[in-house]
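What follows is a single structure, written as structure tokens, with notes after it.
The values are calculated or read from the model by the stated rules, or taken from the named source; none is laboratory data. Just so it is clear, the structure is predicted and the values come from calculations on it, not from any experiment. All Cβ positions, glycine included, derive from the backbone under ideal geometry; neighbour counts span all protein chains shown. In case anyone asks, the SASA skips ligands and DNA or RNA and just uses the protein heavy atoms, side chains included. Shrake-Rupley method; radii C 1.70, N 1.55, O 1.52, S 1.80 Å.
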Amino acid sequence: MTDLTLVIGNKNYSSWSLRPWLAMKQFGLEFQEICIPLYTPEATSKIRQYSPSGKVPVLLHGNQKVWDSLAICEYLAEEFLHLNWWPEDKSTRMIARCISAEMHSGFQNLRQNMPMNCRAKLPGKGIALGVQKDIDRITTIWRDCREKFGGNGDMLFGQFTIADAMFAPVVLRFVIYDVQLDNVAQNYVEAILAIPALQEWIKAGKAEQEIIPAFEF
């Protein structure tokens, strides 16, 4: 029995939950899931049983509680040192951390106007003030990483790293809203979509029955 448990929100909507979940799946960690539907009357009290912040995701590992997606990934990288969570080269690893942190803290216009919704197909929706600027910056990051570091695989740094997990929900948003991309960005989108674990997440999200009006057009 694994001693790792990941507390997550709805797979259809919870982009932050997807990030550590996908990383853990990709690196072959066994873990239990506790899924708490969000935006229900009892959601906050249920989440606070596990999370000091009252938000998901939360990783439970023995007596440890780790909340926040990026913090969870960094914790796992320290706990499971034999796995290549980050690029091996120090300078490249620094860049991977920078773009992961930028994703973690930025792109608010994209987040607010293009919420993740695995069940939806919303071409042309969500292009509000500032969204295209976010899209342009994200695709620039992808293009730069693929051209400089992607020679040994299809991911941003060749092989899958935490950085890919951080951008995976953006890939889903670009598909949902049919964002037009250049060839490099589109190829990266297709590579992320081809990951079996992500397909598993999407399938589970589409099967959920809960509807959160704030994330629906």
* Where both residues lie in the chain, what percent of DSSP beta bridges are antiparallel, nearest 5? -> 70
* Magnitude of the charge dipole, the stretch 1-93, Cβ model with Lys/Arg +1 and Asp/Glu -1, debye to 20 -> 340
* To do: Before anything else, pin down the relative contact order of the chain: Cα pairs under 8 Å, at least 6 apart, normalised by residue count, whole percent.
  => 25
* **Packing rank of 118-126, 184-192, 154-162, 105-113, where each peptide gets the mean count of other beta carbons within 10 Å, highest leading** => 154-162, 184-192, 105-113, 118-126
* Asked: Of the peptides 70-77, 19-26, how do they stack up when ordered by the mean number of other Cβ atoms within 10 Å, highest first?
  -> 19-26, 70-77
* **Spin-label pair Ile211/Thr140, simplified geometry with 7 Å Cα→Cβ offset, distance in nm** => 4.0
* Structure fact -> Taking the chain and counting helices only, DSSP H stretches of n ≥ 4 at -39,500 (n - 2.57) each over all residues, the nearest-500 ellipticity at 222 nm comes to -15500 deg cm²/dmol
* To do: Calculate one ³J(HN,Hα) per residue across the stretch 152-164 by plugging θ = phi - 60° into the Karplus curve 6.51 cos²θ - 1.76 cosθ + 1.60, and present them in order as whole Hz with x for glycine and proline.
  => 9, x, 9, 8, 4, 10, x, 8, 4, 9, 4, 4, 5
* To do: Could you look at the chain and say what percent of its accessible area is carbon and sulfur, using a 1.4 Å probe and all protein chains?
  => 51
* Structure fact -> Simple spin-label estimate for Lys203/Glu42, 7 Å along Cα→Cβ, in nm, reads 2.9
* Quote to one decimal, in nm, the extra length available between Gln112 and Ile34 on full extension: 0.36 nm per residue of separation minus the C-alpha distance between them. => 25.5 nm
* Projected onto the charge dipole of the chain (+1 at Lys/Arg Cβ, -1 at Asp/Glu Cβ, origin at the Cα centre), which of Phe107, Pro57, Leu18 gives the Cα projection farthest towards the positive end? -> Phe107
* Given (1) 28.1, 96; (2) 17.7, 58; (3) 16.7, 49 as candidate values of Rg and Dmax of the Cα atoms in Å, which corresponds to the one derived from the coordinates? -> (3)
* Asked: With the dipole of the chain worked out from charges on the C-beta (+1 for Lys and Arg, -1 for Asp and Glu) around the Cα centre, which of Leu198, Ala96, Thr40 lies farthest toward the positive end?
  -> Thr40
* What is the spin-label model distance, in nm, from Lys148 to Ala101 if the labels are put 7 Å beyond Cα along the C-beta direction? -> 1.5
* To do: With a 1.4 Å probe and every protein chain left in place, work out the accessible area per residue of the stretch 20-115 in Å², rounded to a whole number.
  => 54
* Local electrostatic count, Trp16, Cβ distance below 14 Å [Lys/Arg +1, Asp/Glu -1] -> +4
